[in-house]
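S.K.: Handing you this structure, nothing more for now.
The values are calculated or read from the model by the stated rules, or taken from the named source; none is laboratory data. Because the structure is a prediction, the values reported are computed rather than measured. In this analysis, Cβ positions are derived from the backbone assuming ideal geometry, glycine residues included, and neighbour counts consider all displayed protein chains.
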Amino acid sequence: MPFNVEDLRKARQALAQFKSAAVSPYHERYIFPFFAGSYFAYRKVDVLRVVAITRAISNNPSYLDVGCGYGDFLKHVREFLPDAEGMEKEGGIFYGLGIEKPEYIRIADAHWIDRKYDLVFVGWMEPGQDFRDPVARNTDVIITTLDQGISLAAEFDGHGFQRVAWWRTPSWEDVNTEIMNRYYTKMPDSKRIELAKMRGAHNFWYIYSRPHKAGIVKKALKKQLEKEQQPADCYEFESVLDECGYGYLQKLENPAAPELMWQVQFG
Ligand SMILES: C[S@@+](CC[C@H](N)C(=O)[O-])C[C@H]1O[C@@H](n2cnc3c(N)ncnc32)[C@H](O)[C@@H]1O
């Protein structure tokens with residue numbers, strides 16, 4: 001995404017306008033994901049899974065979020081891994097808009113990752129960007145999110161990694177559409193419900209590991225899942241996902257999405 005500062009400025013103005021009339025303070029993260037949220041809808045369980053895997057690899061783990069943007073997901077991970085770092089190519093998203101850059105986000109291209117990390121997280125990556133080689137060279141464990149059909153180059157099977165596990169979460173675009181249809185568009189309920197049946201919840205979280213660490217990763221995730229059996233605490237913004245029909249372990253009507261959302265599949 002080559003950013004044009006003028007476009008970013010206009011988008012920020014649109015966000016300010018949206019905020020002033022928003023029905024909920026949590027809608028903006030799904031309407032303006034780049035500024036106020038992330039390009040993958042997540043819950044606290046996702047953060048805790050990522051943290052549990054990272055901690056299993058080392059007692060003092062190093063963690064890098066590549067292409068972190070403003071670092072919304074990274075900020076939540078840092079509540080548990082305070083040394084977690086981000087890497088973002090476009091300095092203009094901070095400097096061009098007068099937004100303070102946190103010291104834990106480095107402005108650099110992923111092709112220049114210059115040290116090893118225990119875990120590298122690659123969130124939603126736009127088409128045309130492929131930095132799998134430098135990422136694969138610099139870690140043994142990778143977590144990626146892949147928005148099917150939109151974000152690409154998130155599969156590391158051909159880079160000496162095996163996919164240990166995966167799960168499905170809503171596409172931010174489906175959440176965005178549902179919010180707009182539900183709260184900001186005049187539309188009969190029957191029409192909205194009909195449209196909601198079409199959503200596919202096609203954001204995938206893939207856990208990749210080099211074969212020698214796969215056992216550790218799998219064990220850590222399984223242990224973390226046992227904790228999810230008890231009522232988990234969650235972020236306040238998750239209420240939007242519940243309202244929109246994207247509950248934890250909810251089944252969607254779309255036959256193209258047979259697995260329950262957030263249900264981990266191994267292998
Ligand atoms: C679609 S945004 C996703 C931001 C964040 N991960 C999220 O999901 O909300 C992709 C981000 O990756 C950054 N990016 C793209 N290519 C990159 C590269 N080669 N090195 C580092 N960052 C890159 C872009 O500047 C952009 O901020």
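S.K.: Which of (1) more than 27 Å from residue 10 (Cα to Cα); (2) near the ligand (Cβ under 10 Å from one of its atoms) is the odd one out, the single condition residue 115 does not satisfy?
M.R.: It fails just one condition, (2).
S.K.: Check whether at least one residue in the range 18-40 is under 25 Å from residue 227 (Cα atoms) and not β-branched (Val, Ile, Thr), and report yes or no.
M.R.: Within the range 18-40, one or more residues are under 25 Å from residue 227 (Cα atoms) and not β-branched (Val, Ile, Thr).
S.K.: Return the residues of the range 47-88 that are of a type in the set (A, V, I, L, M), near the ligand (Cβ under 10 Å from one of its atoms) and either in a loop (DSSP other than H, G, I, E, B) or over 19 Å from residue 203 (Cα atoms) (or both); say none if nothing qualifies.
M.R.: 87 - this is the single residue of the range 47-88 that is of a type in the set (A, V, I, L, M), near the ligand (Cβ under 10 Å from one of its atoms) and either in a loop (DSSP other than H, G, I, E, B) or over 19 Å from residue 203 (Cα atoms) (or both).
S.K.: What are the pairs with Cβ atoms under 8 angstrom where one residue, in the range 1-24, is over 30 Å from residue 130 (Cβ atoms) and the other, located anywhere, is surrounded by 10 or more Cβ atoms within 10 Å (Cβ to Cβ) and of a type in the set (A, V, I, L, M)? Sequence gap at least six, or different chains.
M.R.: 18/31; 24/240
S.K.: Here's a follow-up. Considering each of 201, 154, 165, 196 in turn, give the residue that is of a type in the set (Gly, Ala, Ser) and modelled with pLDDT of 95 or more.
M.R.: 165
S.K.: Consider residue 30 carefully, then state whether it is of a type outside the set (Lys, Arg) and modelled with pLDDT under 95.
M.R.: Considered against the rule, which asks whether it is of a type outside the set (Lys, Arg) and modelled with pLDDT under 95, residue 30 comes out as no.
S.K.: Looking at residue 97 and the list (1) more than 27 Å from residue 265 (Cα to Cα); (2) in contact with a strand residue (DSSP E or B) (Cβ under 7 Å, 6 or more places away or on another chain), which single condition is not satisfied?
M.R.: If we test residue 97 against (1) more than 27 Å from residue 265 (Cα to Cα); (2) in contact with a strand residue (DSSP E or B) (Cβ under 7 Å, 6 or more places away or on another chain), just (2) comes out false.
S.K.: Further question: Let me spell it out: the conditions are (1) in a strand (DSSP E or B); (2) farther than 26 Å from residue 224 by Cα, and residue 206 meets all of them except one. Which number is the exception?
M.R.: Going through (1) in a strand (DSSP E or B); (2) farther than 26 Å from residue 224 by Cα one by one, residue 206 breaks only (2).
S.K.: Identify the residue in the range 94-108 that is modelled with pLDDT of 95 or more and not hydrophobic (A, V, I, L, M, F, W, C) and, among all such residues, is nearest to residue 132 (Cα to Cα).
M.R.: Per the stated criteria, the residue is 106.
S.K.: Let me ask you something else. Name the single residue that is nearest to residue 219 (Cα to Cα) among those in the range 29-46 being more than 13 Å from the ligand (Cβ to nearest atom) and crowded, with 19+ Cβ neighbours inside 10 Å.
M.R.: Across the range 29-46, the extreme among qualifying residues is 45.
S.K.: Quick check on the range 210-258: of everything there that is among the acidic types (Asp, Glu) and closer than 28 Å to residue 183 by Cα, which residue is farthest from the chain's Cα centre (by Cα)?
M.R.: 253
S.K.: If you scan the range 179-201, which residues turn out to be out of contact with any Phe, Trp or Tyr (no Cβ under 8 Å at 6 or more places or on another chain) and closer than 17 Å to residue 247 by Cβ?
M.R.: Of everything in the range 179-201, those that are out of contact with any Phe, Trp or Tyr (no Cβ under 8 Å at 6 or more places or on another chain) and closer than 17 Å to residue 247 by Cβ turn out to be 182, 193, 196, 197, 199, 200.
S.K.: For residue 209, are the conditions met, namely being hydroxyl-bearing (Ser, Thr, Tyr) and farther than 17 Å from residue 47 by Cβ?
M.R.: Here the answer is yes, as residue 209 does meet what is asked.
S.K.: Would you mention how many residues in the range 47-96 are over 21 Å from residue 138 (Cα atoms) and either loosely packed, with under 15 Cβ neighbours inside 10 Å or of a type in the set (S, T, N, Q) (or both)?
M.R.: 4
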